[in-house]
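Report on one structure; see the data block that follows.
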């Protein structure tokens, strides 16, 4: 059939009318059809996106994050929900694939219309989804320790930044064991940035860096690194080795004739999960810096540990620092949404409004297992107290030093020339303001 | 490390000899991981992408035997050989035997099997890493002069050598070995002389799977028991097999060569860079000698 111009124009006009009209078939108002839909409405549950990997390489830490969030939202719902409305988590498996992270982020925001996202463990996946989150002016809760050097108007982070993490650990180790230190890390962005911070603290403490080695992520061969450590004879080792490699590292450390008494490992990541998998005798005597330990002795933590482990979500049998930080993010969200609702009305709440009203949100020690924390008013990271724990023969950690004061989060502590992160963006020393810096 | 010494740390002989000894250990780890793949590829021509997951199953069967039945670690090693061998037998009967004439399909099918095994393990055991208890004498190290080597590495080395010797006897001094070699060289001719080639393939695949299980059992003394742990061993295993050419002697030579090179490069630079250099060397080597070190004279399918 030949298509003449008139017929084409007619069909095209019909087609575009149908395309414009199509959304009305499913929604009630023009505004709703074209994206003016409310994020939160009275009488409907509050939808939040939970985007972690339940399968693939990243499932080890991220499955726990999903489980503890489910526990937190159940707890919030059992206590009356948020502003009287129940929370409904939309749980999605990111399959350890960065493309899937990005796709699902878009889907959760546009199709599911979630009001906030709780997502990501690795910095790589966070950097993969942030452009989408920022383009939609949405809100990401990132509940894990990370390296900093980001300043967006769409994230709230509840884990320690690199500047908070090793601040007390390095001086403590230098004082207790001596100034000579060897750095070992996994070969990716977080260990390298963390080590830059650690070097600053090391210099301030009068320490001496003997060597710095990185092993490929997931590698289980530490023979060459341990040989170099044997040659260098440091007083202690500072480790940013993560995941499966960390377990192999601690096992081979002892198998190669080293001992925790003579040369302890000070780690930023070796928590209860890792210690249990490597065997207590391989973890005993080493040190960890974290804001939370399962063994913290306070009634809130006791309630959290007992409640979580006896819940259907406690099947992996442990609560560790990353899970606690994730748990806190649910409460930071609750208080932030309530503050926004009080200020501008529940039905007017947008993801960005929650973020803006989260400045200075406090989670008191009757909710927070690690004790009082609050969200920084400028960079929306968390003020917290890093603690140093020493692993005991039974796999639990004894707190050997707790920070007296809350430590301020500073995402640009080692890059002062880039500026200061404020609520409106990164203010460079010359006064220029850049937004959405990742 | 000072900036100028990035590529050449201060040379000293004792450290270098330590690196050579460690290289032998790395070689034995890569070789024991690769033996099962060598046999399956060399004899049956199957490119088994699920090899890493068979290693993982060996580790998990050790974990299960130990935690559920209280069997000591050293006894778990031969038992894992039998268990994973039986799984391999089953796999061969229900899937692989239909695909011998279609090598590319076997690759896809075994890749699918590997995904099923990873997810299945995760469903049954959960995704958190598992703890395997090893005897106290494997937690120490041995010091001979200035050479310091972990006892667990010595154990792996000894087991690898023993398995290699046993395989050599099996293939070159037993009736089964003659049958395998006959089927590998000319299947139809062997069949006409009364060799049941289907049975030979089946037993070979089961043996290769069992060896992967044995490797998994012994390697969990050093590595981390996780559903995804197999991926760490698949690449070195393929390197050893491809460089070796698919023959047993070739794999031994390739294992020693690549292991030593990895250790020496890692001594002079670092682990990541060592792998980079090693992979480049292997690419160059395969460009010059695509059939590998010791290519068997058999007709290639």
Test: residue in region A:260-270 that is surrounded by fewer than 24 Cβ atoms within 10 Å (Cβ to Cβ), closer than 28 Å to residue A:117 by Cβ and touching a residue at least 40 places away in the same chain (Cβ under 8 Å): no
Single residue of B:209, B:223, B:217 found to be part of a loop (DSSP other than H, G, I, E, B) and under 13 Å from residue B:33 (Cα atoms): B:223
Restricting region A:260-280 to residues that are at the interface with chain B (Cβ under 10 Å from one of its Cβ atoms) and in contact with a strand residue (DSSP E or B) (Cβ under 7 Å, 6 or more places away or on another chain), the residue that is modelled with the lowest pLDDT: A:277
From B:28, B:80, B:68, B:61, residue being under 27 Å from residue A:252 (Cβ atoms), in contact (Cβ under 8 Å) with a residue 40 or more places away in the chain and either within 14 Å of chain A (Cβ to nearest Cβ) or surrounded by fewer than 21 Cβ atoms within 10 Å (Cβ to Cβ) (or both): B:28
Residue among A:41, A:125, A:96 that is surrounded by fewer than 22 Cβ atoms within 10 Å (Cβ to Cβ) and more than 14 Å from chain B (Cβ to nearest Cβ): A:41
Any hit, region A:230-240, residues being surrounded by fewer than 24 Cβ atoms within 10 Å (Cβ to Cβ), assigned to a loop (DSSP other than H, G, I, E, B) and at negative phi: yes
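A quick yes/no check of all residues on (1) part of a helix (DSSP H, G or I); (2) over 20 Å from the mean Cα position of the chain (by Cα); (3) exposed (fewer than 13 other Cβ atoms within 10 Å of the Cβ):
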| site | (1), (2), (3) |
| --- | --- |
| B:74 | yes, no, no |
| B:89 | yes, no, no |
| B:101 | no, yes, yes |
| B:104 | yes, yes, yes |
| B:110 | yes, no, no |
| B:117 | yes, no, no |
| B:122 | yes, yes, no |
| B:134 | no, yes, no |
| B:138 | yes, yes, no |
Residues being in contact (Cβ under 8 Å) with a residue 24 or more places away in the chain and within 30 Å of residue A:211 (Cα to Cα) - total across region B:227-256: 7
Region A:106-143, residues that are part of a loop (DSSP other than H, G, I, E, B) and touching a strand residue (DSSP E or B) at 6+ places or on another chain (Cβ under 8 Å): A:112, A:113, A:114, A:115, A:120, A:121, A:138, A:139, A:143
Flag if residue A:284 is crowded, with 23+ Cβ neighbours inside 10 Å, in contact with a strand residue (DSSP E or B) (Cβ under 8 Å, 6 or more places away or on another chain) and within 29 Å of residue A:190 (Cβ to Cβ): no
Residue selected from region A:155-175 under the condition surrounded by fewer than 21 Cβ atoms within 10 Å (Cβ to Cβ) and in contact (Cβ under 8 Å) with a residue 60 or more places away in the chain, by the criterion nearest to the chain's Cα centre (by Cα): A:168
Tally, over region A:247-259, of residues that are without any contact (Cβ under 8 Å) to a residue 60 or more places away in the chain and either part of a loop (DSSP other than H, G, I, E, B) or more than 8 Å from chain B (Cβ to nearest Cβ) (or both): 6
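The values are calculated or read from the model by the stated rules, or taken from the named source; none is laboratory data. Source: prediction; values computed, not measured. Ideal geometry is used to build each Cβ from the backbone, glycine not excepted, and the neighbour counts take in all protein chains shown.
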